[in-house]
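The values are calculated or read from the model by the stated rules, or taken from the named source; none is laboratory data. The model shown is predicted, which means the values in this text are computed figures rather than measured ones. Glycine gets a Cβ as well: all are built from the backbone with ideal geometry, and neighbour counts include every protein chain shown.
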Amino acid sequence: MNTASTNAISEITRNIEPPSRVAHQRAQAHLDSLTKPLGSLGRLEDLAAQIASILGDRLTLPLRKGVYIFAADHGITAEGVSAYPREVTHQMVLNFLSHGAAVNVLANLHHAQLTVIDAGVDADFHNAPGLLHRKIARGTRNMLHEDAMTDADLARALTVGAELADIAASSGQTLIAIGEMGIGNTTSASAITCALTGASPALATGKGTGIDTSAHARKISIVQSILTARFGTTPTQPSPLEILRCVGGFEIAAIVGMVLAAARHKLVILADGFISTAAIALAAAIAPSARAYIIAGHQSEEPGHKLILDHLKLTPVLALNMRLGEASGAVLAMPILESAIALCLQMATFSSAGVSGASR
């Protein structure tokens, strides 16, 4: 039986195609002809070829870069899973709008347009300027006791994300970084990771915003209780949409929708930390062709992040021991991607420079 969320996903994923294999092969052949030992630029060559396969004729510099931060609250905060109170989600959104957060500094430095979206913050922003008002509800329900969201709310959140991808594409953006803000959302990401990969809560659950050892142990226990309550003890893996509806967040669902629609528009998608990568893993489970549009900006300190990166077979560009979220690590990777593209486009070839190639 079709539901609102399955109908929304069917519409969003329509016409998602893999990146161009021909463009990838052409880019790799060009990289091999540049004035350097074969393969000597390492991962920069892999990144350049991947981006070329996605963008094709749109592979030019500077890239048109966008940063999207989806904010929402989580009912699970009632269980004391975070070192910070729920109100911090609201306060940090105001900080983003006042240009005071780390991601504001980094987006400005690297010339990326920042967009902040209220997908479900438990506060009234009174039409705050600079904020995209797309509130689904004032936070999800407490997933320890009931499903995090209704199917109708899930469908709305997916559509919000897809709408933002449509706007990004129509504005000419070619590279997007996707981040989030939501107190309690590492608990959600941990539950998603366990449900998707089969990992134990002890392996997938970190300290999030910095809880102490006893609170961390309790958080692990809560994640286990959530998984049992929502999915039971049967070995059958729930569908990606069911995982999202039962233990996700509105910002996580919006990221899923944005990733899928961005893949349809053939945009390069930079994953940020644990939460955004968990969302991306759900998107890739829904539409495997979307996986090839993803680049992991960094690997955070959250233990679940490595689990979900390994599940996706993604190698992060950076590893800086960060655990901030808000797309900060993804934005830091942007100049490396642009460097890879510049080398591909601007280096001389052996032929054009009159340089002798290797003898064998």
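What's the total number of residues in the range 175-207 that are in contact (Cβ under 8 Å) with a residue 40 or more places away in the chain and buried (at least 24 other Cβ atoms within 10 Å of the Cβ)?
22
Note down all Cβ pairs under 8 Å where the first residue falls in the range 241-254 and is assigned to a helix (DSSP H, G or I), the second is surrounded by fewer than 24 Cβ atoms within 10 Å (Cβ to Cβ) and among the polar types (S, T, N, Q), and they're at least six residues apart or on different chains.
Leu241/Thr6; Arg245/Thr150
Among residues belonging to the range 113-139 that are hydrophobic (A, V, I, L, M, F, W, C) and in contact with a Leu (Cβ under 8 Å, 6 or more places away or on another chain), point out the one that is modelled with the lowest pLDDT.
So, considering only residues that are hydrophobic (A, V, I, L, M, F, W, C) and in contact with a Leu (Cβ under 8 Å, 6 or more places away or on another chain), the one modelled with the lowest pLDDT is Ala128.
Checking the condition within 24 Å of His305 (Cβ to Cβ), at pLDDT 95 or above, under 16 Å from the mean Cα position of the chain (by Cα) and in a helix (DSSP H, G or I), which residue from Ala162, Ala157 passes?
Among Ala162, Ala157, only Ala157 is within 24 Å of His305 (Cβ to Cβ), at pLDDT 95 or above, under 16 Å from the mean Cα position of the chain (by Cα) and in a helix (DSSP H, G or I).
Please verify whether Ala271 is crowded, with 20+ Cβ neighbours inside 10 Å and touching a strand residue (DSSP E or B) at 6+ places or on another chain (Cβ under 7 Å), treating the condition exactly as stated.
Yes.
Return yes or no: is Ile308 closer than 24 Å to Ile16 by Cα and part of a strand (DSSP E or B)?
In short, no.
Val223: β-branched (Val, Ile, Thr), touching a Lys or Arg at 6+ places or on another chain (Cβ under 7 Å) and closer than 26 Å to Gly80 by Cα, yes or no?
Here the answer is no, as Val223 does not meet what is asked.
Exactly one condition in (1) part of a loop (DSSP other than H, G, I, E, B); (2) of a type outside the set (Phe, Trp, Tyr); (3) crowded, with 17+ Cβ neighbours inside 10 Å; (4) over 23 Å from the mean Cα position of the chain (by Cα) is false for Leu31; which is it?
Leu31 satisfies all of (1) part of a loop (DSSP other than H, G, I, E, B); (2) of a type outside the set (Phe, Trp, Tyr); (3) crowded, with 17+ Cβ neighbours inside 10 Å; (4) over 23 Å from the mean Cα position of the chain (by Cα) except (1).
So, in the range 96-141, how many residues would count as being part of a helix (DSSP H, G or I) and surrounded by 14 or more Cβ atoms within 10 Å (Cβ to Cβ)?
7
Of all residues in the range 1-19, which are of a type in the set (Val, Ile, Thr) and not in a loop (DSSP other than H, G, I, E, B)?
Thr6, Ile9, Ile12, listed by residue number.
When the range 165-205 is examined, which residues are found to be in a helix (DSSP H, G or I) and charged (D, E, K, R)?
Asp166
Does Ala169 meet the test of being under 30 Å from Ala107 (Cα atoms) and not acidic (Asp, Glu)?
Spelling it out, Ala169 is indeed under 30 Å from Ala107 (Cα atoms) and not acidic (Asp, Glu).
Just give me the residues in the range 309-360 being under 30 Å from Gly184 (Cα atoms), of a type in the set (Lys, Arg) and surrounded by fewer than 15 Cβ atoms within 10 Å (Cβ to Cβ), in sequence order.
Across the range 309-360, the qualifying residue is only Lys313.
Of the conditions (1) free of Cβ contacts under 8 Å to residues at least 24 places away in the same chain; (2) within 22 Å of Ala189 (Cα to Cα), Ser170 fails just one. Which one is it?
Looking at each condition in turn, Ser170 falls short on (2).
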